[in-house]
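In what follows, a structure is listed as C-alpha cells, so that the remarks can point back to it.
The values are calculated or read from the model by the stated rules, or taken from the named source; none is laboratory data. These figures come from a predicted structure and were not determined experimentally. Methodologically, a virtual Cβ is constructed for each residue, glycine included, from the backbone with ideal geometry; neighbour enumeration extends over all protein chains shown.
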Amino acid sequence: MVKENCGVVGIFSLSGTNVVPMVIDALRALQHRGQEAWGLAIPNKTPLKKLGLVSASSSEFKKISEEYSSSAVIGHVRYSTIGKSNLENAQPLKVKDLCIAHNGTIANVQELANMVGGCSFTPQNASDTLVAAQRLVSLISEKGQMGKALSILKNEMVGSYCFTFISDDNAVYAARDPKGFRPMVLGHKESDDTYVVASESSALSAVGAKLQRDVRPGELIKLSSDGLKTEMFSEDNSRAHCSFEFTYFAHPSSNMEGANIYISRKKIGQFLAKKFPIRDADLVIPVPDSARPAALGYAQELGVLFDEGLLKDRYSKKGPLRSFIEPHQSDRIEINRWIIPIREIIEGKHVVVIDDSLVRGTSSKAIIKALRRAGAKKISMLITYPPIKFPCYAGIDFPSQDELATFTNRKEMTDEELTEMVRKSIGADFLGYNDAENLAAAVGMPMDSMCFTCSSGNYDSLGIAPDFKTRLEMKGE
C-alpha cells in the first residue's frame with residue numbers, strides 16, 4: 001500500500017491575478033507536511049517539480065512566477081511513505097489534460113491498477129496518485145463530469161484522499177474523501193476575489209485569505225471563471241478524522257474540524273495531567289516543537305514549572321526539519337542529534353518530558369540519553385498520543401509493525417507490559433501514554449468520529465483487512 005501524507009493547494013483568481021506567487025507562499029506554510037519535494041501545475045503546461053524544501057528554490061521564485069504565470073494553479077509538498085525520494089515521484093502529476101496532487105493513501109492500489117491495465121504495479125515503479133489519476137481520467141471520458149466520475153471511483157478506491165486537480169480548460173477542483181481522514185479547508189481572499197483550497201488553514205493565513213469552512217467529506221469543489229460550485233459525490237455520514245493530525249501533523253495555528261490546533265494540544269496536556277499527575281516533578285519540558293502546547297497545558301494544570309530544557313539547533317543543515325517525516329532512519333538520527341539540552345535548566349531535576357507521539361523510539365532514546373548527560377535526576381516521559389501498535393494505511397509513515405517501538409513479534413502482552421517494554425527500551429524512569437478517550441475528550445470531538453486505527457488495530461473505517469508487511473517490502477529500503 002502506497003501512502004502520501006502531504007500538503008495540497010488549489011487557487012483560482014476570478015480577477016485574473018497571477019496566483020503562482022500565492023501558491024509558493026501557501027506551500028511554504030504547509031512545509032511541515034512534507035519536506036522531500038514540492039511542485040505546482042497550471043493549465044496547458046508540464047508541472048514544475050523540485051526536490052527539497054520550497055525555500056531552497058527562493059532564488060528562482062521570480063522566474064517561476066513569470067514563466068508559470070496563471071490565475072489558476074495547484075501545488076503540492078511531498079512527504080513520502082512509500083517509493084523513492086526522486087523527482088519522478090514528486091507531484092503534481094499529469095495524465096492527459098488533468099494534473100493531480102494527492103494527500104492520503106490508496107489502500108487497494110494494485111486492484112485499481114488492474115482496472116487501468118497496469119498489472120505490474122509495485123511501490124517502486126509507480127505511485128498510487130498516478131494510478132488514481134489514470135482511473136479518474138478514464139471515468140471522466142466515460143461519464144463526462146468530474147462529480148459522476150468521483151461517485152464511481154469512491155466505490156472502487158479504498159483509502160484516504162484529498163485531491164486537488166487542474167484541467168487544461170482552466171478549472172481547479174478539490175475533493176475530500178467521504179470519511180474525512182485527511183484535512184482540507186476552503187478560503188477566500190477578498191482583495192483580488194481569489195478562492196483557495198488547502199490542506200490546512202495555515203496556508204490560507206500565509207496568503208491573506210480568510211477561512212470560510214472545512215471542505216466537507218465527500219465534497220467536490222470546482223473553481224473556474226463561473227465562480228465556486230460545489231457538489232457531493234458521497235452521502236456517507238460516518239467520519240474518521242485522523243487523530244494524529246491533532247497531536248503532531250497539523251500546524252498549531254491551523255483550525256481543523258472547528259477546533260484550533262494550538263488550543264486543542266494545550267487541552268490535551270491538561271487532560272494528560274489529570275491522567276498522570278506527577279506531583280513530585282521539578283520541571284515540565286516539551287520535545288520541540290509540536291509538543292510545546294501540550295507541555296504548557298500539563299504544567300499549568302498541575303502548577304509545575306514549565307521551561308525550555310531542549311532546544312533545536314536551527315542553524316545546522318537538518319536541525320530545523322521534522323524528524324518523523326524524514327524517509328530514512330539515518331536522517332531522523334541526524335535531526336535528533338541537533339536537539340540540545342540546557343544543563344543549567346535540567347541538572348539535578350526530576351524532569352517530566354512531554355512528547356506528541358512515540359512511534360519508532362528513535363527520538364525518545366536520543367532525548368533521554370541527552371537529558372541524562374545533562375544531569376537530570378529522574379526522567380518521566382508522557383506521550384500525548386496512545387500507543388502506536390499497528391501500521392497506518394491512511395497516510396502516516398509507519399507502514400510496518402516491525403519498525404514500531406511497540407513491536408512484540410507476535411508475543412501477547414497486556415497494555416502495562418507493553419508500556420514497560422517500551423520504557424526500558426527508551427531508558428525513561430517512567431512512561432505514560434494517553435488514551436483515545438482522553439484525547440478525543442480534550443479535542444472536543446466524538447471518539448467514533450476520529451481514526452485511532454494505528455492504536456486499536458480496527459481497520460473498519462478504511463474498509464480493509466490489512467496484510468501486514470515489513471518495511472523492506474513496503475518501501476524497498
Among (1) touching a strand residue (DSSP E or B) at 6+ places or on another chain (Cβ under 9 Å); (2) part of a helix (DSSP H, G or I), I263 falls short only on (1)
Looking only at region 419-444, how many residues end up being in a helix (DSSP H, G or I), surrounded by fewer than 18 Cβ atoms within 10 Å (Cβ to Cβ) and hydrophobic (A, V, I, L, M, F, W, C)?
3
Which of the residues that make up region 150-202 are in a loop (DSSP other than H, G, I, E, B) and within 25 Å of N18 (Cβ to Cβ)?
D168, D169, N170, M184, D193, S199, E200
Tell me, please, whether a residue that is at pLDDT 95 or above, surrounded by 22 or more Cβ atoms within 10 Å (Cβ to Cβ) and either assigned to a loop (DSSP other than H, G, I, E, B) or not assigned by TED's automatic domain parsing to the domain that holds V359 (or both) can be found in region 292-308.
no
Which one of the conditions (1) at pLDDT below 95; (2) touching a strand residue (DSSP E or B) at 6+ places or on another chain (Cβ under 9 Å); (3) part of a helix (DSSP H, G or I) does Y248 fail to meet, given that it meets all the rest?
(2)
Matching residues in region 266-288 - criterion: being among the aliphatic types (A, V, I, L, M), in a strand (DSSP E or B) and surrounded by 24 or more Cβ atoms within 10 Å (Cβ to Cβ)
V284, I285
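Conditions tested, residue by residue: (1) of a type outside the set (D, E, K, R); (2) within 29 Å of D282 (Cβ to Cβ); (3) at pLDDT 95 or above.
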position: I396; (1), (2), (3): yes, no, no
position: Q401; (1), (2), (3): yes, no, no
position: K411; (1), (2), (3): no, no, no
position: Y433; (1), (2), (3): yes, yes, yes
position: V443; (1), (2), (3): yes, no, yes
Hey, among I278, I268, I285, I261, which residue is touching a residue at least 60 places away in the same chain (Cβ under 8 Å) and closer than 23 Å to L30 by Cβ?
I268
May I ask you to verify whether K229 is within 25 Å of G16 (Cβ to Cβ) and free of Cβ contacts under 8 Å to residues at least 12 places away in the same chain?
yes
Filter region 213-264 down to residues that are among the small types (G, A, S) and within 17 Å of the chain's Cα centre (by Cα) and give me whichever is surrounded by the fewest Cβ atoms within 10 Å (Cβ to Cβ).
S253
Restricting attention to region 346-370, report how many residues are assigned to a helix (DSSP H, G or I) and closer than 19 Å to G269 by Cβ.
3
What tally of residues in region 64-92 results from selecting those that are at pLDDT 95 or above and not in a loop (DSSP other than H, G, I, E, B)?
10
Could you identify the single residue in E219, E245 that is under 24 Å from T105 (Cα atoms) and not assigned by TED's automatic domain parsing to the domain that holds G10?
E245
Out of region 310-361, which residues are buried (at least 19 other Cβ atoms within 10 Å of the Cβ), modelled with pLDDT under 90 and of a type in the set (S, T, Y)?
S323
